[in-house]
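The values are calculated or read from the model by the stated rules, or taken from the named source; none is laboratory data. This is a predicted model, so every value here is computed, not measured. Note: ideal-geometry Cβ built from the backbone for every residue, glycine included; neighbour counts use all protein chains shown. Side chains included, ligands, DNA and RNA excluded: accessible areas come from the protein's heavy atoms. Shrake-Rupley method; radii C 1.70, N 1.55, O 1.52, S 1.80 Å.
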Amino acid sequence: MRNSYFLFYALLSYLVITISGCCPEGENFKFSCFCCVTEESCTITSSVSVECNNNGTPDDSGDDQYVISLSADINGDNSSTQYEVVVDDTTFGPFNYGTTATIILEADGSSPTLLFRNIGSVECSTEEVVGPLIPCSACRIIPDISYECIDPDLCSSGDEYYLVKMEVSNANNESTGYEVLLDDEVVDTFLYNGLDTISLPADGYIHQLLLRDLIDQSCDTLLETAPLVSCPEDCPAGTIEVIEDEFILVVNDSCFNNGKCSGILNNYIDGMIAGFSLLDSCSVIPKMYLFRVEAMNGLTPVERVAHAEGEMDQEEHFVTAYRNASFNLNTIELDQNLVFHDMELSSPSQPTSISEDNMVIAVIDGGIALDEDYFGNYKWTNQDEAYSPSMLPYGIDHIDNDNNGFVDDFYGYDFILNLPLGSGALEHGSKVASVIINAYKEYESILEKQLQLMDCKIFDKEGQSNTFTAACAMHYAMQEGADVLNLSWGFYAEPDDTSYLLIEAAIDSAIVRGIPVITAAGNDTINIDNCNFYPAYFAVKYPNVLSVGALANDGSLADFSNYGCQGVSVAALGKEVEVLGSDGGNSQSQPRDGTSYSAPFVSLLVGYLKAAKPSKSVESIIDFIKELAGMQLPNINGIRYGGLLNDSSTFYELESFASP
């Protein structure tokens, strides 16, 4: 008889398995109806909070309990309305979805798992771990600990450590102090409720910290550090944004005939080549064209540009192609004050005559909007561009009198709008210019050279520019006789990004022309040796580039300044620098922070030396500034050569270098 039952169930099981295999995909065999049914699934989301209750007996932990507040919601099963919670072997509930419920658990030091389980036709569950449920009447040590990696010497390795900041309190005992054990060794003792510190080596290991009460040795808490690796170098994501379909073609000037190339290049310039749209051009030498290029005939824009480059090179146009990229002034301006103001161009001053006594600094920035009474004596003027006060507006005639490709570039040029200056300016450029003017006015008796500022506007009212515009302005300033280029801006570029190469090509040209380039190092407290910040990082490679960090008033490196044992050459005052306000008047002088305001001070020093000693090479002038910084403030942490003092001693040193 027993064998018959066994045979019956064996046959039945075989039959069920066989039939189950015949169910369609997504269905299972259900024995109760001897049919195939659709699979159903659901998910539960849960929320838990805990609160200890000592039941009115703070000195007795035996009756301590935890009130567990919980709620849950279900997705995928519209028919179920309730769930239950299982803790160990105890089931609580049922509870309604979408409402808050409570359960009580003993404060026994455990960390129980709460199983939320659906009550309904569809099975689903989720788990939450709570605890440890430590009695709230027992002695407890409550730590608040943070870790800060310290690198005392930014230009050396092996001296990094972690400063562990501890604010520790206790509960349910009368003790006033605790001790700290590092890997079972006592480090020090401290009082509760104070802010204390210990130092741990940045050795890459995980360490254990035991905080133990001085009276009740059983009252402690054990902490584990993360691996104490060397101080992290978090480079920001590249702030340069490659414009995928825009390309810059730089054309050798030897191919030009009456201002225009012959042959295949004209077809691209004149829109005869499908998919090539001329967006802008720059009339410097070599000439630059900005095209938008569409993919066509199975070729990407990159491939199409490479093909065009090859065609033009065959006709000896010697074209070099670059990707265009945009960047924002916010990447360098600490206070991010990008207020836009109309330029003050009414009743312009009669141009100052050009002479050997002038030093010309090109402020390649957001434009200069300063009062005529303040700025008028320091405006650079293009003597080859026609000027007459009777010409309206502003004494210009809308003719390119000097045939340099820039109409009415009398005081400089707006490279964003490709128009004469007059469309407005950002405060940033005005403030940069005011740093130069303020220092010049204070030490004019020593300098004995006439300051002229060439206004090259490359940022729009949003603080946005691009590599084509910046490079065009740099070439223009050099072509028009600038002694120094001041670049109080910059951007981070990813390692595989080459869009900065157009700026590098302009710096290459500056070397050939013997023109120094002064750049701001940036305001992100970052080592630009590891995080490439351009154009400041070119100081590593080019002898005519000085990158300038910011000093605080006490002569130390400002807390916001970028640094670099190779990439940041010198530092100058950049904390609470007095600059002009929005109306450009002396009465609106205000302090500002940023390497944007450190660089122009150095530009003035270099500009004076360049004008005073035209026979000196740019390398010797740059070397002198480095030596002077090393002599004045030689031990600025993270700066390659040192810092420059913003006082008369610096200018007297310049005079000694410039004297015969």
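The set of residues from region 461-477 being out of contact with any Gly (no Cβ under 8 Å at 6 or more places or on another chain) and part of a loop (DSSP other than H, G, I, E, B) comprises just one member, E462.
Against the test of being in contact (Cβ under 8 Å) with a residue 40 or more places away in the chain, open to solvent by 50 Å² or more (accessible area, probe 1.4 Å) and closer than 30 Å to T525 by Cβ, the options D153, D60 yield a single qualifying residue, D153. Do we find a residue being buried (at least 20 other Cβ atoms within 10 Å of the Cβ), hydrophobic (A, V, I, L, M, F, W, C), in contact with an Asp or Glu (Cβ under 8 Å, 6 or more places away or on another chain) and part of a strand (DSSP E or B) anywhere in region 426-435? Yes.
For the criterion of being touching a residue at least 12 places away in the same chain (Cβ under 8 Å), open to solvent by less than 40 Å² (accessible area, probe 1.4 Å), over 16 Å from E127 (Cα atoms) and among the aromatic types (F, W, Y), Y66 passes.
Answer with yes or no whether S499 is in contact (Cβ under 8 Å) with a residue 24 or more places away in the chain, in contact with a His (Cβ under 7 Å, 6 or more places away or on another chain) and of a type in the set (G, A, S). Step through it out loud before you land on a result.
On the way: in contact (Cβ under 8 Å) with a residue 24 or more places away in the chain: yes; in contact with a His (Cβ under 7 Å, 6 or more places away or on another chain): no; of a type in the set (G, A, S): yes.
The answer is no for S499.
Within region 631-650, which residues are in a helix (DSSP H, G or I) and touching a Lys or Arg at 6+ places or on another chain (Cβ under 9 Å)?
Within region 631-650, no residue meets the criteria.
Can you name the residue in region 559-583 that is within 16 Å of V432 (Cα to Cα) and outside any strand (DSSP E or B) and, of all such residues, is farthest from the chain's Cα centre (by Cα)? Per the criteria, the residue is D583. Restricting attention to region 614-652, the residues being buried (at least 19 other Cβ atoms within 10 Å of the Cβ) and farther than 17 Å from S569 by Cβ number 1.
For S110, are the conditions met, namely being over 14 Å from V48 (Cβ atoms), modelled with pLDDT under 95 and open to solvent by 20 Å² or more (accessible area, probe 1.4 Å)?
Details: over 14 Å from V48 (Cβ atoms): yes; modelled with pLDDT under 95: yes; open to solvent by 20 Å² or more (accessible area, probe 1.4 Å): yes.
Taking the combined requirement at face value, the residue satisfies it.
Scanning region 273-321 for residues that are assigned to a helix (DSSP H, G or I), within 29 Å of A510 (Cβ to Cβ) and at pLDDT 90 or above returns V302, V305, A306.
If the condition is being at pLDDT 85 or above, in contact with a Gly (Cβ under 9 Å, 6 or more places away or on another chain) and open to solvent by less than 70 Å² (accessible area, probe 1.4 Å), then region 113-131 contributes I119, C124.
Determine, yes or no, whether S445 is among the hydroxyl-bearing types (S, T, Y) and at pLDDT below 90.
Details: among the hydroxyl-bearing types (S, T, Y): yes; at pLDDT below 90: yes.
The answer is yes for S445.
Regarding region 23-34, can at least one residue be identified that is modelled with pLDDT under 80, on the phi > 0 side of the Ramachandran plot and in a loop (DSSP other than H, G, I, E, B)? There is at least one residue in region 23-34 that is modelled with pLDDT under 80, on the phi > 0 side of the Ramachandran plot and in a loop (DSSP other than H, G, I, E, B).
Within region 393-413, residues that are modelled with pLDDT of 70 or more have Cβ atoms under 6 Å from residues that are small (G, A, S) in these pairs: G405/S283, counting only partners at least 6 apart in sequence or on another chain.
Taking first residues from region 277-290 that are buried (at least 18 other Cβ atoms within 10 Å of the Cβ) and partners that are of a type in the set (S, T, N, Q) and in a strand (DSSP E or B), the Cβ contacts under 6 Å between residues at least 6 apart in sequence or on separate chains come to Y289/S281.
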